[in-house]
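The values are calculated or read from the model by the stated rules, or taken from the named source; none is laboratory data. All of these numbers come straight from a predicted model, not from anything done at the bench. Cβ placement follows ideal geometry from the backbone for every residue including glycine, while neighbour counts extend to all protein chains displayed. Please note that ligands, DNA and RNA were not included when accessible areas were found on the heavy atoms of the full protein model with its side chains. Shrake-Rupley method; radii C 1.70, N 1.55, O 1.52, S 1.80 Å.
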Protein chains: 2
Amino acid sequence: MTSPPQRPDLAAMLAPLLRETAAAELPVLEEHGLTMWGYSVLVALDRSSMRTQAALAEAIRADKTRIIPTLDELQAQGYIERRPDPDDRRVRLLAITESGRAVKDAAQTAIQRGEDRWLSKLSPTDRDAFLRALQQLTDAQP
Amino acid sequence: MTSPPQRPDLAAMLAPLLRETAAAELPVLEEHGLTMWGYSVLVALDRSSMRTQAALAEAIRADKTRIIPTLDELQAQGYIERRPDPDDRRVRLLAITESGRAVKDAAQTAIQRGEDRWLSKLSPTDRDAFLRALQQLTDAQP
DNA sequence: TATTGTTATACTCTATAACTATA
DNA sequence: TATAGTTATAGAGTATAACAATA
């Protein structure tokens with residue numbers, strides 16, 4: 001007595017996909033002098049400036065201690081601003097700079113060029129639905 | 001001069017999704033007395049028996065040393081068979097047992113029940129396309 | 001005393017290398 | 001000598017805990 005046929009569970013399908021997309025991104029990011037975490041920070045700060053490092057860490061689901069070396073580097077590269085809040089000098093105000101936005105846009109464009117080639121394995125209909133579903137599920141995150 | 005609006009890159013969308021689906025699986029697996037790696041091994045051996053542990057490790061993209069404690073545990077639980085090949089006693093023949101298949105099916109069913117509730121956020125059309133695309137992209141793995 | 005950011009420590013997971021047994 | 005499996009060691013990445021500055 002065997003069970004009915006089952007589809008693979010989502011995590012089992014997502015894991016190799018993430019591994020592959022992340023592996024494809026890495027060399028592109030490296031060409032632009034960015035790490036995965038650095039890129040992640042730039043994307044987040046491009047969406048909106050942040051008033052504390054803790055808030056930024058939470059936004060990208062990282063530990064607050066983990067992003068500190070990343071912020072040090074991005075600041076040294078001139079890609080972010082990070083200055084004490086005059087009203088509360090414990091707090092660091094974080095924002096992306098002009099050149100930070102430029103390098104982030106360049107990297108993002110290059111990454112998506114690769115991904116588009118990859119997504120072309122799908123029919124246009126499935127491709128659109130896939131991206132739409134992905135975005136919906138990601139946004140629905142609690 | 002800013003770039004045109006861009007969609008998030010795939011890895012950035014896949015990462016939180018994987019994290020969430022994996023986190024949802026964990027307690028279910030625990031209820032069935034399985035670890036993530038143990039479950040992964042059972043799914044692989046359910047698809048097909050393996051002649052060596054190295055082949056199994058490669059099939060689930062794991063290091064051959066990493067799965068040994070997992071195999072020890074599964075064997076002790078009676079979920080897999082693992083006996084030396086009489087023709088080459090260096091080799092271990094691996095197969096899932098009846099009870100191994102039963103626990104794997106039970107866990108998989110429970111996991112998918114949770115995922116279906118989760119996927120119901122999508123329209124039926126998008127849901128089907130999403131799963132189809134996911135499977136296509138996963139299969140296309142080199 | 002509570003909070004932000006930082007540094008130092010410990011822990012988990014994984015891979016590398018050394019070892020045993022078979023061939 | 002080469003290979004499958006195992007064990008022991010070391011490394012990377014991460015989180016936890018202690019610390020300094022400010023409120």
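Among the residues of region A:5-19, the one identified as at the interface with another protein chain (Cβ under 7 Å from one of its Cβ atoms), of a type outside the set (A, V, I, L, M, F, W, C) and closer than 12 Å to B:LEU14 by Cβ is A:PRO16. Considering region B:22-43, and only residues there that are within 30 Å of A:GLU25 (Cβ to Cβ) and more than 16 Å from DNA strand C (Cβ to nearest atom), the residue that is farthest from the chain's Cα centre (by Cα) turns out to be B:ALA24.
Residue check: A:ALA110 meets all listed conditions (1) within 11 Å of another protein chain (Cβ to nearest Cβ); (2) over 19 Å from the mean Cα position of the chain (by Cα) but one, namely (2).
Within region B:84-102, the set of residues being out of contact with any strand residue (DSSP E or B) (no Cβ under 7 Å at 6 or more places or on another chain) and outside any strand (DSSP E or B) comprises B:PRO86, B:ASP87, B:GLU98, B:SER99, B:ARG101, B:ALA102. Just for region A:50-83: of the residues that are open to solvent by 40 Å² or more (accessible area, probe 1.4 Å), in a strand (DSSP E or B) and more than 8 Å from DNA strand C (Cβ to nearest atom), which one is farthest from the other protein chains (Cβ to nearest Cβ)? Filtering region A:50-83 for residues that are open to solvent by 40 Å² or more (accessible area, probe 1.4 Å), in a strand (DSSP E or B) and more than 8 Å from DNA strand C (Cβ to nearest atom), the one farthest from the other protein chains (Cβ to nearest Cβ) comes out as A:ARG83. Restricting the first member to region A:34-59 and to residues that are over 24 Å from A:ALA23 (Cβ atoms), and the second to residues that are outside any helix (DSSP H, G or I) and away from DNA strand C (no atom under 13 Å from the Cβ), the beta-carbon pairs closer than 6 Å and six or more apart or on different chains are A:LEU45/A:ILE96. For region A:110-125, filtering for residues that are free of Cβ contacts under 8 Å to residues at least 60 places away in the same chain and surrounded by 15 or more Cβ atoms within 10 Å (Cβ to Cβ) leaves 3.
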